[in-house]
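The values are calculated or read from the model by the stated rules, or taken from the named source; none is laboratory data. Just so it is clear, the structure is predicted and the values come from calculations on it, not from any experiment. Methodologically, a virtual Cβ is constructed for each residue, glycine included, from the backbone with ideal geometry; neighbour enumeration extends over all protein chains shown.
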Amino acid sequence: MSSRPRVQRKLTVSVEFDSLAAAQTITTAPADGAYWEYLTSKRRLITLARLIPPYMLHLTLRPYRKDIPPVSPPGAMVRLRGRHAAASLDVWVGQLLDAYPKVAGYDARKESGELAIHYIRLMAVLNREYEHRLATGKALQLEQVAKDPLVVAQIAEWERFTARYTRDRAVVNFMASDDLSADYNSYIAITTQADFSTSPALQIESIRLDSGGYLMRLARLIDSFNDRRSERRELEEFFHLGMAAKFADELADLATDHAEGRYNLLLALLDQHPAERAHVILLLERASPLPVSRWRECAPQTFADFSGMFQRYYQRLRSRELRRICDVSMLRAVRGPKKRQSARAQQHVSERPSQAWR
């Protein structure tokens, strides 16, 4: 069992364009083995072709980012990767809003896409400051984190945007809400426990707050922004999507998380099976491919545990549209975790973030 420290990260609803192919629509969730075979079907390429037009729209015209200047770091390839990542995320958000008529029973106003992106940017910069403070032993209370200049700037960006379209103070000033503060304090209590990085149970509790709760809060904000009020059953659909999509992130980001010393649910599950952990860590250190087929061969118990947890949330998605969105997220992971080119050394979080997220 590794003793190296791991740092926490909250939800990033991430998706890359090379995995933006949703597989064939299904009405019932497939069994464990069938699910992975279903995702690797060549038929997903048909959906990939269908997603090229919205991707090109978001890459070039950036309709969800009209008031957000593109980040311009040095290097053409770095800038291109940033535009690609932003466009891929925007396509994911677009799919989410396209599902609203059947899930929530109404068409979300067009500005809801911008609302979602502003929300994701704010939560991301809040998380990055939290990571920095956790790694450097600074105060973690929300009122302290919210004083960081980048967080202040993102809150101001959110308030400027929302104030143009709604007078609902619960939307404009949602950062001051009691429920957000309560969830944040619960997150601190869970993630600062000594055995958090090796405890699947604690990590699932954190995921319920920062992934399921994260997307459910966004759904509530979209409701208020559209002068609507969804039933709890409808909101729970977004909670289950957030949970299931987080499992996709954990699988896809494993190599980067291991390299950067971050916690990951799969690493915690591997700690329960030392022989499997040794095998997987060796493959990660060698940058060897870890597609689903190899997971099931070299770490069958760990992957069965992971698959079972994922399936429990996936099967609770009654909406075919939301299942397809989840499939889009998981397709990024089926070929196995791949370390991002931007992966940094373990100590990188000790450096204060210098710019807002994409």
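Annotations for the structure displayed:
- Yes/no for Ala76 being surrounded by 21 or more Cβ atoms within 10 Å (Cβ to Cβ) and not hydroxyl-bearing (Ser, Thr, Tyr): no
- Segment 233-254, residues that are in a helix (DSSP H, G or I) and more than 11 Å from Leu215 (Cβ to Cβ): Arg233, Glu234, Phe247, Ala248, Asp249, Glu250, Leu251, Ala252, Leu254
- Exactly one residue among Ser329, Ser319, Ser288 is more than 18 Å from the chain's Cα centre (by Cα) and touching a residue at least 60 places away in the same chain (Cβ under 8 Å), and that residue is Ser319.
- Evaluated against (1) in a helix (DSSP H, G or I); (2) in contact (Cβ under 8 Å) with a residue 60 or more places away in the chain; (3) of a type in the set (Gly, Ala, Ser), Ser230 falls short on exactly one condition, (1).
- Here is the figure for segment 125-137: residues that are surrounded by 21 or more Cβ atoms within 10 Å (Cβ to Cβ) and among the hydrophobic types (A, V, I, L, M, F, W, C) total 2.
- Residue within segment 85-97 that is within 30 Å of Asp227 (Cβ to Cβ), touching a Lys or Arg at 6+ places or on another chain (Cβ under 8 Å) and of a type in the set (Phe, Trp, Tyr) present: no
- Filter result (among the charged types (D, E, K, R), closer than 30 Å to Arg217 by Cβ and modelled with pLDDT of 95 or more) within segment 250-287: Glu250
- Positions within segment 307-333 being touching an Asp or Glu at 6+ places or on another chain (Cβ under 8 Å), modelled with pLDDT of 90 or more, surrounded by 18 or more Cβ atoms within 10 Å (Cβ to Cβ) and part of a helix (DSSP H, G or I), in sequence order: Ser307, Glu321, Leu322
- Among the candidates Leu241, Leu251, the residue that is crowded, with 20+ Cβ neighbours inside 10 Å, closer than 16 Å to Ile120 by Cβ and out of contact with any Gly (no Cβ under 7 Å at 6 or more places or on another chain) is uniquely Leu241.
- Selection from segment 191-207 of residues that are crowded, with 21+ Cβ neighbours inside 10 Å and at pLDDT 95 or above: Gln203, Ser206, Ile207
- Applying the set (1) more than 27 Å from Gln193 (Cα to Cα); (2) under 21 Å from the mean Cα position of the chain (by Cα) to Arg128 leaves exactly one unmet item: (1).
- Candidates Leu283, Leu290, Leu265, Leu269, filtered to the one that is closer than 25 Å to Gln95 by Cβ and not polar (S, T, N, Q): Leu265
- Total residues in segment 52-93, condition β-branched (Val, Ile, Thr) and farther than 24 Å from Phe161 by Cβ: 2
- Leu57 assigned to a helix (DSSP H, G or I), under 27 Å from Ile207 (Cβ atoms) and at pLDDT 80 or above: no
- Residues in segment 227-238 that are farther than 15 Å from Ile325 by Cα and either surrounded by fewer than 20 Cβ atoms within 10 Å (Cβ to Cβ) or among the hydrophobic types (A, V, I, L, M, F, W, C) (or both): Asp227, Arg228, Arg229, Glu231, Arg232, Arg233, Glu234, Leu235, Glu236.
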